[in-house]
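Working notes, beginning with the structure itself.
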């Protein structure tokens, strides 16, 4: 699989972490580690399927995926290509009216949130684009056309930043007090904007950080400590719960992303 990474435009960068264009020459199945934010994608070639419980379900060509705490297995057909926009935590709420927590664990057609005519128009232009840079420019422009700059309360944005800084150390009750909110009010606003509770986001951030930081030969105790886990056993339990495999088995392979 070839992955090309692009930086969003200056106006979009506060909300979108990265664009990725992914292309496959051969059919492959990979484990998708939970992302700490909403992801949208436009497939411009080929097809993919989610493999769950022994069954394969075709993924819509224009798709939005909510936060989740468990990994997914994705089978991608040979010759496929897709462009992804990976939002920052809480970033997707600036572009879509739907409360983000309603997307938790879901992989849906994008036209369930955006008028089908708009989705079809952008998808057609992306499919007809001559190169990846043009595809990125089209997706960037589509998102900018939907941007609502004041959609997420400042307190929720501050809470997201605090969790990203120290996902293993932040206490939600104290954070709410520091922001002048009740814990209940913070958690409700957080779930609506981010797509999961603060506790769940912290768990996803830790896991993604650990898996992304792993290098062959690295001690798992060091990996767990640097990602914010209490100890290696804590990391082992959370990774096994999310992926269904022991860390040594998953990290020793190349079948995840």
- Per the list (1) at pLDDT 95 or above; (2) under 16 Å from the mean Cα position of the chain (by Cα), residue check on residue 141 breaks on (2)
- Message: Being under 24 Å from residue 252 (Cα atoms), assigned by TED's automatic domain parsing to the domain that holds residue 100, at pLDDT 95 or above and not in a loop (DSSP other than H, G, I, E, B) is the requirement here; does residue 22 meet it?
- Response: yes
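To keep it simple, each residue is scored yes or no on (1) surrounded by fewer than 17 Cβ atoms within 10 Å (Cβ to Cβ); (2) more than 14 Å from residue 36 (Cβ to Cβ).
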| site | (1), (2) |
| --- | --- |
| 182 | yes, yes |
| 186 | no, yes |
| 206 | no, no |
| 212 | yes, no |
| 239 | no, yes |
| 251 | no, yes |
- Look through segment 32-47, keep the residues that are touching a strand residue (DSSP E or B) at 6+ places or on another chain (Cβ under 6 Å) and surrounded by fewer than 19 Cβ atoms within 10 Å (Cβ to Cβ), and return whichever of them is modelled with the lowest pLDDT. 32
- Item | Index of the failed condition, residue 76 passing every other in (1) surrounded by 18 or more Cβ atoms within 10 Å (Cβ to Cβ); (2) in contact with a strand residue (DSSP E or B) (Cβ under 6 Å, 6 or more places away or on another chain); (3) under 26 Å from residue 144 (Cα atoms) | (3)
- Please go through segment 81-101 and pick out each residue that is free of Cβ contacts under 8 Å to residues at least 24 places away in the same chain and closer than 24 Å to residue 58 by Cβ. 98
- Any residue in segment 41-55 that is over 24 Å from residue 242 (Cα atoms) and in a loop (DSSP other than H, G, I, E, B)? yes
- Message: For the structure I just gave you, tell me whether residue 106 is within 20 Å of residue 190 (Cα to Cα), surrounded by fewer than 18 Cβ atoms within 10 Å (Cβ to Cβ) and either in contact (Cβ under 8 Å) with a residue 60 or more places away in the chain or not assigned by TED's automatic domain parsing to the domain that holds residue 158 (or both).
- Response: yes
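The values are calculated or read from the model by the stated rules, or taken from the named source; none is laboratory data. What you see is a predicted model, and the numbers here were worked out from it, not measured in a lab. We place every Cβ from the backbone using ideal geometry, glycine too, and count neighbours over all the protein chains shown.
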